[in-house]
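Below is one structure, written out as structure tokens; the observations come after it.
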Amino acid sequence: MAEAADFQGTRPSPARRWLRRTGALLAGAPLLAGVLQLPAPSASYASEAGIAAEVTGSRTVDVSLNSLSPSVPSDGDTLTVSGTIVNKGKQAITAAHVGLRVGPTLNGRSAIDDAAKNNPYAGTEVGGKYVTKFARLAPGVPQTFSISVPVDKLDLGSDGVYQLGVTLTGRTTAAPYEQILGIERTFLPWQPEAADTKTRTTYLWPLISTSHMTAETGSNEQQTPVFADDDALAAEISPGGRLERLLGLGKDLDVTWVVDPDLLASVDAMTRSYRVQVNGSSTTTTAGTHQAVAKQWLGELEAAVENEEVVALPFADPDLASLAHNGTPVTGSLSHLKDASTVAATTVESILHVTSDTDYAWPVDGAIDPSIVKVATSAGAGTVLTRSDSLEEGGALPYTPSAARPIGGGVTAVVADARMSKAFQGDMTVAGNSTLAVQRFLAQSLMLTLQVPDKQRSVVVAPQRLPTAGQAQTMAQALTALQGGNWSQSAELSAATKAKPDAGATTRVPSASSYPSSLRKQELPQTAFVQIEGTQRKLDSFQVVLSDKSRVVTPFGRAMDRSMSASWRGRATEAMGYRNGVERYLIGLTEGVGLIDKSEAKLSGRSATIPVTVQNNLVQGVDHLVLRLTSTQPSRLSIGDGAYEEQPVSVAGGHSQSVKFTTNAHANGRSAVVAQLFTEDGRPYGPEVTFDVKVTEITATVMLVIAGGVLLLVLAGFRMYTQRKREAARQAALETGNAPTDDEAAPAPADGTESGDGAKSGDDHDTRNGREKASAPESGAADPEHPGDPDDPSPDTAPEITDPSGTGERVDR
């Protein structure tokens, strides 16, 4: 009954309260003595009593507020509250009604926090006809209600934030008297007249998503991009999707757009031909089909941000805290942040055709420490977006200071208000949650202004990075009400950054030990940055040999930016899978250029050339490579003039190139030879190829036979030349009439011997008639004039010839 009296607003005098307490003690003394003599209740009974206690008193009925309109009432308005009630007890409730109760104004922002947690005071019921009655409420059956009350009936006084209670009053069989059986509390901002000095409120509107594109691109000239998936991104930008709602709601609000260039690049890639991996496989892809929705979303965004302030985060929104805590020990990690910052502005401008501001760094949840600030500003950002629960107001200020704070080193911290920034977390698809969030946000905003009504301050609100569609809807509802109110005006983030800081506001950056452990557990581990840097080293070695470096530098550079994205928080397995995929694809490309394995080579001579083949399976050509062939036993087999020889290599795309090396054998036997590609700066490229060269030296006898054969060929050629010369001379003499005809030629001697010119003429005659004559007697003695006819049998091979073989012989393979 006392609780009911408090809810109804009755406040007895101190003397009457003393008399009531004394009477209660006297009346309860005999009952207390009896209770002390009873045995202690069992555990099961205590448990049942606890369950029963959960659904008695003001918790018997669950009251939910589905809507409250207008959120910020003015004179002459009618306040309408609607919602749902559910009897959670076991007994039916009779003679019930739902009414509104208005409590006193709250004093300070902390009072709002306390009232939202647990405040048994409900205020005075408006009553009369402004209630919704229920004859009977059965257990577990939801009922809806709607109450409309003129604002002038609420008895609101001076400007401020009022408690507003919605209560259900009724009776049960166990308690057949009127009592409050359910209550929901919210806040009603009251500022009917425009404030003399308005608060400047900046609201960040984030367009950020997770990573969707891979490092893989097509082999065509357009380099068709490949997505790990596109259904997830398509769902976000399709009607009703998260990003579609953010865009559709944000274009009608005065907000500062905060965009991730990776999101823009991904949607832009979807507007053209693109491929999608099948079951995460880089070898199997299918054509993407969401071009239409991508074009529509991107076109609407371009129109929405025209003439609006756009802040571009570094590409793929790198996790600054992870970099600071785990990435800085790994050499080269910070260079990725600088690259991501550099490409951000050009990406936004090329896609949205607006100039973006890249001077802001936004750590996750605005949590900072000295190392995070150092990393955040290392890439050129001069402003860090933090939050008041990280950089506490502190000091002796009795009010919330402006957002901008100098924190040393020429760096400005823009401190977002934690209460307002976290107002829309949770499930905002539940109408009751959404209504309470809107009213609490507006109450905090008005209370902030009323702290020092004559002092202008700038307030920044930085909500969660990835608001859901329901959260976006609630944020837009609250902002619409705020921008229609009388105490706040919209401002851009750049204006809040340039606002004059409040003297006495805290500027000390918290220590590393103050960083929330819950956030630290979600960070990328150091092993992630080690892997990313290892991939970067492979990319550095690969790109120097390419004729068109941009085909790999750009997609892989952006993929490594995505590997450090803050969107991987809480998704460690997916993050590792993405990094592994990038590395595997790069290794596959580098293996497309290499040496073809060789089997044993046979060197049948003292000098020969050995071919080594370089194959290029890439689409583009490779150059700036050097092929080195090294002999492991230069005393037996030398390459060129020494132990090794190097030759530059250039191979067109899709081709192979054989490079020939001159070798010199010094002894018979096997000798191992190593072929290795190098970049021009001396770094090995790809695996080496090792093969054996078997040296079989040619004997001296064989060398003499070959030399004799060559000599016979030369003499035969000389003989043919002289015969043709004589025939030409004879024909010339016949034509001038000075030479005898064939019939006038002298006959050959009867004994068949040859002498002088006659023998040669006979020889010529026989040659003209196609007959071949032996050039030596049957005894086999060589004719001194005709030492080597082409048809003569080759001489026998001598036992051994030790003269060196000629150069230019081919290797038997």
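The values are calculated or read from the model by the stated rules, or taken from the named source; none is laboratory data. Small disclaimer: the values here were computed from a predicted structure and weren't measured. As a convention, Cβ positions derive from the backbone with ideal geometry for all residues, glycine included, and neighbour counts pool all protein chains shown.
Brief remarks on what is shown
- Count of the range 541-583 residues, restricted to those that are of a type in the set (D, E, K, R), more than 25 Å from GLN522 (Cα to Cα) and surrounded by fewer than 17 Cβ atoms within 10 Å (Cβ to Cβ), is 2.
- Matching strands (runs of 3 or more DSSP E) fully within the range 136-204 where at least 1 residues are outside the structural domain of TRP487 (by TED's automatic domain parsing), crowded, with 18+ Cβ neighbours inside 10 Å and hydroxyl-bearing (Ser, Thr, Tyr): 160-171, 179-190
- Counting residues in the range 229-238 that are aliphatic (A, V, I, L, M), in a helix (DSSP H, G or I) and in contact with a strand residue (DSSP E or B) (Cβ under 6 Å, 6 or more places away or on another chain) gives zero.
- Hey, VAL544 under 27 Å from PRO363 (Cα atoms) and more than 23 Å from the chain's Cα centre (by Cα) or not: no
- Conditions (1) surrounded by fewer than 16 Cβ atoms within 10 Å (Cβ to Cβ); (2) farther than 30 Å from ARG683 by Cα; (3) among the charged types (D, E, K, R); number of the one not met by ASP502: (1)
- Candidate set from the range 455-477 (those that are crowded, with 20+ Cβ neighbours inside 10 Å and hydroxyl-bearing (Ser, Thr, Tyr)); member that is nearest to THR400 (Cα to Cα): SER458
- Checking each residue in the range 671-690 for being surrounded by fewer than 17 Cβ atoms within 10 Å (Cβ to Cβ) and closer than 15 Å to LYS598 by Cα picks out ALA672, VAL674, PRO687, GLU688, THR690.
- Some residue of the range 416-433 being over 16 Å from LEU204 (Cα atoms), surrounded by fewer than 22 Cβ atoms within 10 Å (Cβ to Cβ) and touching a strand residue (DSSP E or B) at 6+ places or on another chain (Cβ under 6 Å): yes
- The C-beta contact set for the range 627-649 (first residue polar (S, T, N, Q), second residue crowded, with 16+ Cβ neighbours inside 10 Å and not in a strand (DSSP E or B), distance under 6 angstrom, 6+ apart or interchain) is empty.
- When each of SER599, SER635 is tested for being small (Gly, Ala, Ser), touching a Phe, Trp or Tyr at 6+ places or on another chain (Cβ under 8 Å) and surrounded by fewer than 17 Cβ atoms within 10 Å (Cβ to Cβ), the lone residue that passes is SER599.
- Search result, residues across the range 638-652 that are small (Gly, Ala, Ser) and surrounded by 17 or more Cβ atoms within 10 Å (Cβ to Cβ): SER638
- The listed residue being hydrophobic (A, V, I, L, M, F, W, C) and more than 24 Å from LEU446 (Cβ to Cβ), out of ALA115, ALA138: ALA138
- Considering the range 88-126, and only residues there that are touching a Leu at 6+ places or on another chain (Cβ under 9 Å) and free of Cβ contacts under 8 Å to residues at least 40 places away in the same chain, the residue that is surrounded by the fewest Cβ atoms within 10 Å (Cβ to Cβ) turns out to be ASP114.
- Taking the criterion of being in a strand (DSSP E or B), among the hydroxyl-bearing types (Ser, Thr, Tyr) and either in contact with a Lys or Arg (Cβ under 6 Å, 6 or more places away or on another chain) or farther than 22 Å from GLU193 by Cα (or both), the residues of the range 71-116 that qualify are SER82, THR84, THR94.
- Of all residues in the range 632-644, none are at pLDDT 90 or above, outside any strand (DSSP E or B) and closer than 30 Å to LEU589 by Cβ.
- Subset of the range 370-404 [part of a strand (DSSP E or B) and of a type in the set (Val, Ile, Thr)]: THR383, VAL384, THR386
- The range 242-291, residues that are outside any helix (DSSP H, G or I), under 30 Å from TYR360 (Cβ atoms), hydroxyl-bearing (Ser, Thr, Tyr) and in contact with a strand residue (DSSP E or B) (Cβ under 9 Å, 6 or more places away or on another chain): THR256
- Just so you know, in the range 184-213 the residues that are hydrophobic (A, V, I, L, M, F, W, C) and in contact with a Lys or Arg (Cβ under 8 Å, 6 or more places away or on another chain) include one that is nearest to GLN473 (Cα to Cα), and it is ILE208.
- Contacts under 6 angstrom Cβ, first residue in the range 584-599 being under 16 Å from MET560 (Cβ atoms), partner among the aliphatic types (A, V, I, L, M), 6 or more apart: TYR585/ALA215
- ALA608 meets each of the listed conditions (1) modelled with pLDDT under 90; (2) in a strand (DSSP E or B); (3) surrounded by fewer than 17 Cβ atoms within 10 Å (Cβ to Cβ); (4) of a type in the set (Gly, Ala, Ser) apart from (3).
- Test: residue in the range 524-533 that is in contact with a strand residue (DSSP E or B) (Cβ under 7 Å, 6 or more places away or on another chain) and more than 20 Å from VAL72 (Cβ to Cβ): no
- The one condition from (1) surrounded by fewer than 17 Cβ atoms within 10 Å (Cβ to Cβ); (2) modelled with pLDDT of 95 or more; (3) of a type in the set (Ser, Thr, Tyr) that THR256 does not meet is (1).
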